[in-house]
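Just below is one structure, and these are the notes that go with it.
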Amino acid sequence: MGYREEEDTLGKVKVPEDKFWGAQTQRSLENFAVSNELMPIEVIHALALIKKHAAHVNADLGLLPEEKQALIAKAAEEIVAGRYDAHFPLTVWQTGSGTQTNMNVNEVIANIANVLAGTSLGAKAPIHPNDDVNRSQSSNDVIPSAIALAVTSLVHRKLIPALSDFIKMVEKKMKEFKGVVKCGRTHLMDATPLTLAQEFSAYAGSLSDAKEHIEAALKQTVRLALGGTAVGTGFTAHPDFGARVCMRLDEELKLPFTASGNKFAALSTLDSILPLSSALRFLAGALYKMASDIRLLASGPRCGIGELNLPANEPGSSIMPGKVNPTQCESLTQVALQVMGFDAVVAMASTQGHLQLNVYRPIVAYNTIRSIHLLADSLVNFSHRCLKGITPNLKKIHAHLENSLMLVTALSSHIGYERSARIAKLAHEKGITLKAATLELGLLTAEEFDRYVVPESMT
């Protein structure tokens, strides 16, 4: 591999001759050789989109020649289209402001534009990465703006559709399970009956609440820090710059992006992103609860609860023939735990807004975007490979219901709590039915028992 020599404010740097990045990107590659978690490509594309519209606004304001604006816009569009993804190699574990990633994008845009203009890689003319591509911007305002743009777009495009379809699938199962009366359980012990549809309605309700939390959080993520530049004062940017770039982003993406009303808060806090991370954790908790319940209800098939039949997707054991495991539940609950862990990091990062800047942006971007992908992919996977194929084991459900001691609750209003408890205790001690225990104690006739104890009426 050959190299070209470039120079930045610290001196000369060798850059691979076929790469579209420049000196500052190369320094970051050498200085932050930590693991292999790259800055999410969604942030890169969002940055490029911002650079495109920033160039348009700078040109409209008379701060950038039209010919330079056209070159920057064309180069940025190439990046947004994914044609230069391989030229963004920087790790998440870099400076907390994301300056290296901002410069990576500035350098690649400049080099693409300069090649289009007929000059060579590294020429910095006619387009300069700082003076032209980064005009009216600072890493401190453009990086949080790009993160917000990336997560907002991703949630709208991927997570909300997946969650909406998942909720519809749960509601479909509710209709299928409507007439199935079963034993309820509290404290993992027998409780009064309910229908399987009612049991699944808890999941639908919790997931719908999670969707509302996510949608509410998006009202914060659309407020961008653009125009704040280095510390929130907007120094070096036109007063209308941030609002005008946001207006153009709104028009292109059909999402209500606006300039943050307080740029000092936008730079020094994570207030715009923290509610979304929290809402993702809320969704993870709802999914964990649902998957854990389904795994318990499907346990068996002969020595567990066994009230649900799960699709058999693959052999479950390398040693026990015929074993089938609740693998989709295990996958989903692992994802849920990972998302909860990601949110814990974001929450901790939100406390680190020292003076005028929070310097934990890259890890916040990585964790939030990974959470969105994990949740969206898992919703689709679990829905199609598990939820869709769940059926009730009616034989097991009826057997458990008939043996439930808590049906005795139906007698409380007729013979009182203490007498009802005596029936349940005798039935449990002797291993007989509630009806047999009632008759043995002489508390009701058989006809009275059958009239009072009707599981369907207890739901």
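Taken over region 130-141, the residue count meeting the criterion of being farther than 14 Å from PHE235 by Cα and surrounded by 24 or more Cβ atoms within 10 Å (Cβ to Cβ) is 2. Among the residues here, VAL105 does not qualify as at pLDDT 95 or above, under 27 Å from PHE32 (Cα atoms), under 28 Å from the mean Cα position of the chain (by Cα) and surrounded by fewer than 21 Cβ atoms within 10 Å (Cβ to Cβ). Inclusion of LYS323 among residues that are at pLDDT 95 or above, within 30 Å of THR391 (Cβ to Cβ) and in the same structural domain as LEU207 (by TED's automatic domain parsing) is not warranted.
Of all residues in region 111-129, how many are among the small types (Gly, Ala, Ser), surrounded by fewer than 19 Cβ atoms within 10 Å (Cβ to Cβ) and either over 23 Å from ASN58 (Cα atoms) or at pLDDT 95 or above (or both)? Talk me through it step by step, then tell me what you get.
Step one: of region 111-129, the residues among the small types (Gly, Ala, Ser) are 113, 117-118, 120, 122-123, 125.
Subsequent filtering for residues that are surrounded by fewer than 19 Cβ atoms within 10 Å (Cβ to Cβ) retains 117-118, 120, 123, 125.
Those left that are additionally either over 23 Å from ASN58 (Cα atoms) or at pLDDT 95 or above (or both): 117-118, 120, 125.
Total meeting the criteria: 4.
The single condition among (1) outside any helix (DSSP H, G or I); (2) small (Gly, Ala, Ser); (3) under 30 Å from HIS354 (Cα atoms) that GLY62 does not satisfy is (3). If you go through region 177-191 and keep only what is crowded, with 17+ Cβ neighbours inside 10 Å and touching a Cys at 6+ places or on another chain (Cβ under 9 Å), you end up with just ASP190.
If you check every pair at least six apart or on different chains, which have Cβ atoms under 7 Å apart with a residue in region 153-178 that is in a loop (DSSP other than H, G, I, E, B) first and a residue that is modelled with pLDDT of 95 or more and not hydroxyl-bearing (Ser, Thr, Tyr) second? Listed by first residue and then by second, the contacts come to PHE177/LEU196; PHE177/ALA197; PHE177/PHE200; PHE177/PRO392; LYS178/ALA197. Note on region 376-406: among residues that are touching a Leu at 6+ places or on another chain (Cβ under 7 Å) and among the polar types (S, T, N, Q), the one that is surrounded by the most Cβ atoms within 10 Å (Cβ to Cβ) is SER378.
Of all residues being assigned to a loop (DSSP other than H, G, I, E, B) and within 30 Å of GLY442 (Cβ to Cβ) in region 368-420, which is modelled with the lowest pLDDT? Just the residue, please. Checked region 368-420; the qualifying residue modelled with the lowest pLDDT is SER404.
For (1) buried (at least 20 other Cβ atoms within 10 Å of the Cβ); (2) more than 27 Å from THR221 (Cβ to Cβ), each residue gets a yes or a no:
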site: ASP18; (1), (2): no, yes
site: HIS45; (1), (2): yes, no
site: HIS53; (1), (2): yes, no
site: ALA76; (1), (2): yes, no
site: VAL80; (1), (2): no, no
site: THR101; (1), (2): yes, no
site: ILE109; (1), (2): yes, no
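With respect to ILE72, determine if the residue is touching a His at 6+ places or on another chain (Cβ under 8 Å), modelled with pLDDT of 95 or more and assigned to a helix (DSSP H, G or I). For ILE72, the condition - touching a His at 6+ places or on another chain (Cβ under 8 Å), modelled with pLDDT of 95 or more and assigned to a helix (DSSP H, G or I) - is not met.
Here ASN309 fulfils each of the conditions (1) surrounded by 13 or more Cβ atoms within 10 Å (Cβ to Cβ); (2) closer than 29 Å to ALA279 by Cβ apart from (2).
The values are calculated or read from the model by the stated rules, or taken from the named source; none is laboratory data. Being a predicted model, the structure only gives us computed values, none of them experimental. We place every Cβ from the backbone using ideal geometry, glycine too, and count neighbours over all the protein chains shown.
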